[in-house]
Amino acid sequence: MKKIRIAVIGTRGFPGVQGGVEAHCQELYPRLAASGCKVTIFARRGYVDPDIKTWQGVKIVPLWSPRRKSLEAILHTLWGSLQIIGRRKQYDVVHMHAIGPSLFVPLIRLAGLPVVVTNHGPDYNRHKWGYFAKKTLRLGEWAGTSFASAVICVSRHIQDSLKKDYGRTTFYIPNGVVIPQKVSAGDTLKQYNLKPGNYALTVGRLVPEKGFHDLVEAFSKISTDWKLVIAGAADHEDEYSRTIKARAGENSNIVMTGFIKGMPLAEIFSNAGLFVLPSYHEGLPIVILEAMSYELPVLATNIPANLELVVDREFTFPPGDRAALTAKLIKLMRPPLENSKFALENKGRLEAEFNWERIATETYTVYKRVIGIAP
């Protein structure tokens, strides 16, 4: 590969930072760096370790941002965009992630730099945003879609939506997953008093659109020796996250681990009996891909993003329908041997369509296109 110089913005940063965009970037950019690209990530100070200047060949530049959910992303992106513009001779292309940060795509384009935007989903549908924030996010989607040199969509339904709403031709390059080695039950399961194959798992940030409140209420109606494990935390502690923790604390069969990663998370995934994603909004959920990679049956809401991955409609339910979720949980919380078919159904698809090596190659091809290098 030619040593394309890439500036990346729109992510909190990595390694080990909670979030789908962050997981995407953590897998993608080290692979591009290993292939010869020069990658600089403008991360948000407070999320990344200030002592880590380079990680797996990727340069990490932490920039100031306020720790307020309504201002954090937009002010960090503005500051980062100005930093990039000031150093524009150091970069060949800018890669912007998510529609909120994309508000500043026209500014970077005016400075003469090509911009690739990855649309991770319509964030204005998230419950946490008020009227002004939703309008700003829609404006960001418009700006990114209209002015970017190229637009990447992580799912087919996002691609179809941008074609319908803006007439924009985009590239479909999905999120990916690394096929893991399973981890035997050990200290992590002992810590939370879990039995292999005898608990349902969900993973994500404690925000309303993930629907964990529905899952807690549905699970609490079931008489079972299974447990429910919620692995995740809130970026910004608020009334919602406090309420979830309080409600979960009323049921001894509900375990909240907080944000975990690495081997503890791998152990939790490896030994679960069922994965559940009760979300109201997703782009293309990496957590479902991870659950599939661990050969788990997946129960998810029937929103468009989830339906691209969960093809058996018997394993879906309408978002917010707690009665339907309760019925599905009762049906599916059973010995894992009965769910062994998922290993065969998903392995080939994951390796073919959601392979990070292929995703990195396709992203590099988009970079070449926008900077005028013949493929």
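The values are calculated or read from the model by the stated rules, or taken from the named source; none is laboratory data. Everything numeric here is computed off the predicted structure, so don't read it as measured data. We place every Cβ from the backbone using ideal geometry, glycine too, and count neighbours over all the protein chains shown.
So here's what we get for this one:
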{"quantity": "Some residue of region 85-105 being in the same structural domain as Ser155 (by TED's automatic domain parsing), out of contact with any Gly (no Cβ under 9 Å at 6 or more places or on another chain), among the hydrophobic types (A, V, I, L, M, F, W, C) and closer than 14 Å to Ala43 by Cβ", "calculated": "no"}
{"quantity": "Only one of Ile74, Ile60, Ile52 that is touching a residue at least 24 places away in the same chain (Cβ under 8 Å) and more than 18 Å from Gly19 (Cα to Cα)", "calculated": "Ile52"}
{"quantity": "Checklist (1) among the acidic types (Asp, Glu); (2) over 16 Å from the mean Cα position of the chain (by Cα); (3) over 25 Å from Glu353 (Cα atoms) applied to Glu295, failing item", "calculated": "(3)"}
{"quantity": "Conditions (1) modelled with pLDDT of 95 or more; (2) surrounded by 19 or more Cβ atoms within 10 Å (Cβ to Cβ); (3) in the same structural domain as Val21 (by TED's automatic domain parsing); number of the one not met by Ser146", "calculated": "(2)"}
{"quantity": "Close pairs (9 angstrom Cβ cut-off, 6 or more residues apart or separate chains): among the polar types (S, T, N, Q) in region 227-248, outside any strand (DSSP E or B) anywhere", "calculated": "Ser241/Arg205; Ser241/Leu206; Ser241/Val207; Ser241/Ala233; Ser241/Ala234; Thr243/His213"}
{"quantity": "Unique match (being of a type in the set (Gly, Ala, Ser) and at pLDDT 90 or above) among Ala374, Ala352, Ala327", "calculated": "Ala327"}
{"quantity": "Pick from region 222-239, criterion crowded, with 17+ Cβ neighbours inside 10 Å and either over 20 Å from the mean Cα position of the chain (by Cα) or outside the structural domain of Leu201 (by TED's automatic domain parsing) (or both), ranking: nearest to Lys190 (Cα to Cα)", "calculated": "Lys227"}
